[in-house]
1. Could you check how many residues of region 47-68 are without any contact (Cβ under 8 Å) to a residue 12 or more places away in the chain, loosely packed, with under 11 Cβ neighbours inside 10 Å and under 28 Å from Ile19 (Cβ atoms)?
2. So which of Val6, Val44, Val64 is in contact with a strand residue (DSSP E or B) (Cβ under 9 Å, 6 or more places away or on another chain) and modelled with pLDDT under 90?
3. Report, ordered by the first and then the second residue, all pairs with beta carbons closer than 9 Å, sequence separation of six or more or different chains, a first member in region 1-14 that is loosely packed, with under 11 Cβ neighbours inside 10 Å, and a second member that is small (Gly, Ala, Ser) and assigned to a strand (DSSP E or B).
4. Take the residues of region 28-41 that are surrounded by 11 or more Cβ atoms within 10 Å (Cβ to Cβ) and either assigned to a loop (DSSP other than H, G, I, E, B) or touching a Lys or Arg at 6+ places or on another chain (Cβ under 6 Å) (or both): which is modelled with the highest pLDDT?
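The values are calculated or read from the model by the stated rules, or taken from the named source; none is laboratory data. Computed from a predicted model, the values in this text were never measured in an experiment. Virtual Cβ from ideal backbone geometry, glycine too; neighbours counted across all protein chains shown.
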Amino acid sequence: MSDYVVGQWEGGGTHTGPIVFDDLPIGSAPAASGKTLRFTGKTVLKVQNGLIVEELGLDDGMKVLQQLGIIPTA
C-alpha cells in the first residue's frame, strides 16, 4: 500500500550565481543579476513503508524567467 503527501510551497532567494540552464532558445540570463526571485510550486510524494519512493513536482519556472528579465511579463 502507498500513501501520498501533497505540499504547496513558496521558494525564492537572491540570484547571486550562475544559472544552470543556459540552453534556452529565447536567450540566456546574466551570471549574477542580484535580483530577488519568488516562485511557487507543488510536490507530490509517494511513501511506502515510511520511505519516499517517488516524487513529482511542478514549479513556476516561467515566473523565474520573467523575474530575471529573460521573457517579458504579460
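1. 1
2. Only one candidate passes the filter, namely Val64.
3. Gly7/Gly41; Gln8/Gly41; Glu10/Gly41
4. Checked region 28-41; the qualifying residue modelled with the highest pLDDT is Phe39.
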